[in-house]
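Data first, discussion second: the structure below is written as structure tokens.
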Amino acid sequence: MKLKLDITPDLVVAMAAEVKAGEKAVTAAMREAGTGLKAAWRGQITGAGLGRRLANSIRLATYPKAGESLNAAALVWSKAPVIVGAHDSGPLIRSKEGFWLAIPTEAAGRGLRGAKLTPGEWERRRGLRLRFVYRRRGPSLLVADRARINTRGQAVASRSKTGRNQVTAPIFLLVPQVKLPKRLDLDRDAARAHDSVPGLIVANWVESR
């Protein structure tokens, strides 16, 4: 007896096609998971009221840069890791020198591009000296004497010679430490993205056939 085995279609061709389909599926899945995680992290940041600028610091890179691979990967990170990480972990912040932390009040105003001012910067910009006021209860203060409050609610030097509308304005609150509230949960979204990968691979593999 003579047997003849004929495989149709060609097994080698079929396996090559399946590997190609797998490469496409894994690469597409990682891109989808990475894109979803980037959107989720940005949404968390804007939802926490931290601003679009910080949200846009979340970036995505996928590998390989071109083509498909069974070893495809996605990397989501922030270009402002210290700030984002602080809001994610809620750390206890102390002064590096072991003294006070100066927290600006609304009357302090802002510096260039909305940056918070330090006491030294505030004095140089406003032309006023700050005076230390110790309080047994509550935070101590740095105040500006002979100031006036402008229409934006900021303390500026008064030009009045009679003292009219002059005030002593609290410019900075002085505290030994600050507990930053935890406003983000990046691990939650990262875990969801990680868990979604197998399903995304299967879905993309089926679609590629």
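Placing unit charges on the Cβ atoms of the charged side chains and taking the dipole of the chain about its Cα centre, the candidate lying farthest along the positive direction among 81, 144, 184 is 144. Ordered from largest to smallest accessible area (heavy atoms of protein chains, 1.4 Å probe), the residues 164, 52, 131 come out as 164, 52, 131.
Cross-link partners for residue 79 among the lysines, with Cα-Cα distance under 22 Å and sequence neighbours closer than 8 places in the same chain left out: 38, 65, 116, 182. Taking P(r) over Cα pairs in 5 Å bins from 0, in percent straight from the coordinates, which label in (i) 1, 6, 12, 14, 14, 12, 11, 10, 8, 6, 3, 1, 0, 0, 0, 0; (ii) 1, 7, 15, 18, 18, 15, 11, 8, 4, 1, 0; (iii) 1, 6, 10, 11, 10, 9, 9, 7, 6, 6, 5, 5, 4, 3, 2, 2, 1, 1, 1, 1, 0, 0, 0, 0, 0 is the correct one? Computing P(r) over Cα pairs in 5 Å bins from 0, in percent and matching it to (i) 1, 6, 12, 14, 14, 12, 11, 10, 8, 6, 3, 1, 0, 0, 0, 0; (ii) 1, 7, 15, 18, 18, 15, 11, 8, 4, 1, 0; (iii) 1, 6, 10, 11, 10, 9, 9, 7, 6, 6, 5, 5, 4, 3, 2, 2, 1, 1, 1, 1, 0, 0, 0, 0, 0 gives (iii). Think of it as helices only: each DSSP H run of n ≥ 4 in the chain is worth -39500 (n - 2.57), and spread over all residues that comes to -12500 deg cm²/dmol at 222 nm. Relative contact order for the chain: 27 percent, from Cα pairs under 8 Å spaced at least 6 residues apart, divided by residue count. For the pair residue 14/residue 157, report the inter-label distance in nm, with labels modelled 7 Å from Cα in the Cβ direction. Here the modelled spin labels are 8.8 nm apart. For residue 77, the solvent-accessible surface computed with a 1.4 Å probe is close to 100 Å², ligands and nucleic acids excluded.
Only one residue of 153, 165, 45 has its Cα farthest out toward the positive end of the dipole of the chain, where Lys and Arg carry +1 and Asp and Glu -1 on Cβ, and that residue is 165. Annotation: amide H-H contacts under 5 Å for residue 172 (H modelled 1.01 Å from N, sequence separation of 5 or more, or interchain): 105, 142.
Accessible surface for residue 186 stands near 20 Å², nearest 10, in the context of the full protein assembly shown (1.4 Å probe).
Remark: the range 93-189 carries a charge dipole of roughly 420 debye about the Cα centre, counting +1 on each Lys and Arg Cβ and -1 on each Asp and Glu Cβ. Accessible surface for residue 168 stands near 80 Å², nearest 10, in the context of the full protein assembly shown (1.4 Å probe). In degrees from 0 to 90, rounded to the nearest 10, what is the angle of the helix 11-47 Cα long axis to the longest principal axis of the chain? Around 20 degrees separate the two axes. State to the nearest 20 debye the size of the charge dipole of the chain about its Cα centre, where the only charges are +1 on K and R beta carbons and -1 on D and E beta carbons. Using Cβ point charges on Lys, Arg, Asp and Glu, the chain gives about 2020 debye. Against the chain, whose longest principal axis comes from its Cα atoms, helix 186-207 is set at around 20 degrees. Computed with a 1.4 Å probe over protein heavy atoms only, the accessible surface of the range 12-82 comes to 55 Å² per residue. Its Cα centre serving as origin, the range 80-128 has a Cβ charge dipole (Lys and Arg +1, Asp and Glu -1) of approximately 180 debye.
The values are calculated or read from the model by the stated rules, or taken from the named source; none is laboratory data. Every value quoted in this text rests on a predicted model; they were computed, and no experiment measured them. Cβ sites come from the backbone with ideal geometry, for glycine too, and all protein chains shown count toward neighbours. Side chains included, ligands, DNA and RNA excluded: accessible areas come from the protein's heavy atoms. Shrake-Rupley method; radii C 1.70, N 1.55, O 1.52, S 1.80 Å.
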